[in-house]
Structure formats: C-alpha cells, structure tokens
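Presented below is the structure to which this report refers.
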C-alpha cells in the first residue's frame, strides 16, 4: 500500500481505513496488528501535523506513505518536507529514541509527559517514542532540497516474529 501527494485529515482517515482492510494485515497476529496500526497512526500524524507545505496553493502537506510486507516484518516508510530549523531538534529526538532500550523508552516517555506542555496542535512530543516502542528498527534521513527546506524520511520496521 502506498500514497504520494497532499495529506489532510480526510486522507489520513481513508489510509487508516484501507490499511485496516488489507488482507495481509487482517490475518496478522493481534500484537503485530496493534504495533503496526500504532506506528501508522503516529507516522501519518507526524506528516499531517509537522510537515511543511511547499507553497500556499497546496491543499495539504505533501508527503509519502508506504507499507511493505516482508517475510519477517512490515516496513512503514514516510516522508515529508520540513523547514531547516526543525532538522537539528528532530534528529536529536530520533537518536534519543534509537539509542534507548525498551525500559529507556518507557522512562523517556514518562519524562516527556511529566516535563512537557502541549503545543497548540495538542502535541506533547511522544509520537516518536511510541514509534520506537512498537518498532524493531528505525532509520531516517534528511535530504536538503532548498536552502531552508529538507525532505525528511522515516522507516519503521515492525517484526512479525512474535510469540
């Protein structure tokens, strides 16, 4: 399943509905489905809430979304444009998540919830932590496309090898 184009709230809901109906996903173990949907929801929200519109004529934030099934996992790929000023902080947050073990992620989430205030969008900054908790691997990249604009891509892998 894949999509490339403008993201808005209706599209996010449609993608979630289609994902839920996907035959491969429907027949996965419940724990895998729960992890997969959690990561998909957080990833789509990250595009929709934090992505940057390239111009004022756009109806939504442009981005990409892809779910790929392998023998041992689901891979979720997302990408969207970000202003240059966001790269350093986001990179730091992702590295913090990537370097933490399961207990470290739980503690990090507690600290963020305890010490953070909600942004105007209702964001406390725990989406990446949730992705880290549910994923077996996270990778990312920032490609500079203009002086003040980057394309951010995130890959989250959810293992299907669960007991």
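Collect the residues in the range 1-20 that are part of a strand (DSSP E or B) and in contact (Cβ under 8 Å) with a residue 60 or more places away in the chain, keeping them in residue-number order. Before the answer, list the steps.
So the first thing to find is which residues in the range 1-20 are part of a strand (DSSP E or B), and the list is 2-7.
If the condition is that a residue be part of a strand (DSSP E or B) and in contact (Cβ under 8 Å) with a residue 60 or more places away in the chain, then 2, 3, 4, 7 are the ones that fit.
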task = Only residues that are within 19 Å of residue 70 (Cα to Cα) and either part of a helix (DSSP H, G or I) or without any contact (Cβ under 8 Å) to a residue 24 or more places away in the chain (or both): list them for the range 28-52, please.
result = 30, 31, 32, 33, 34, 35, 36, 37, 38, 39, 40
query = Only one residue in 108, 82, 128 is in contact (Cβ under 8 Å) with a residue 60 or more places away in the chain and either assigned to a helix (DSSP H, G or I) or within 26 Å of residue 20 (Cα to Cα) (or both), so which one is that?
reply = 128
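Listed residues 40, 25; which is closer than 13 Å to residue 74 by Cα and either modelled with pLDDT of 90 or more or under 10 Å from the mean Cα position of the chain (by Cα) (or both)? Please lay out each step first, then the result.
Details: 25 fails: either modelled with pLDDT of 90 or more or under 10 Å from the mean Cα position of the chain (by Cα) (or both).
It is 40.
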message = Quick check on my filter: what residues within the range 74-89 are over 21 Å from residue 5 (Cβ atoms) and out of contact with any helix residue (DSSP H, G or I) (no Cβ under 9 Å at 6 or more places or on another chain)?
response = 84, 85, 87, 88, 89
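Sort through 51, 79 and tell me the only one that's under 17 Å from the mean Cα position of the chain (by Cα), modelled with pLDDT under 90 and surrounded by 13 or more Cβ atoms within 10 Å (Cβ to Cβ). Spell out how you get there, then give the answer.
Values: 79 fails: modelled with pLDDT under 90.
Sole residue among the options that is under 17 Å from the mean Cα position of the chain (by Cα), modelled with pLDDT under 90 and surrounded by 13 or more Cβ atoms within 10 Å (Cβ to Cβ): 51.
The values are calculated or read from the model by the stated rules, or taken from the named source; none is laboratory data. Being a predicted model, the structure only gives us computed values, none of them experimental. Cβ sites come from the backbone with ideal geometry, for glycine too, and all protein chains shown count toward neighbours.
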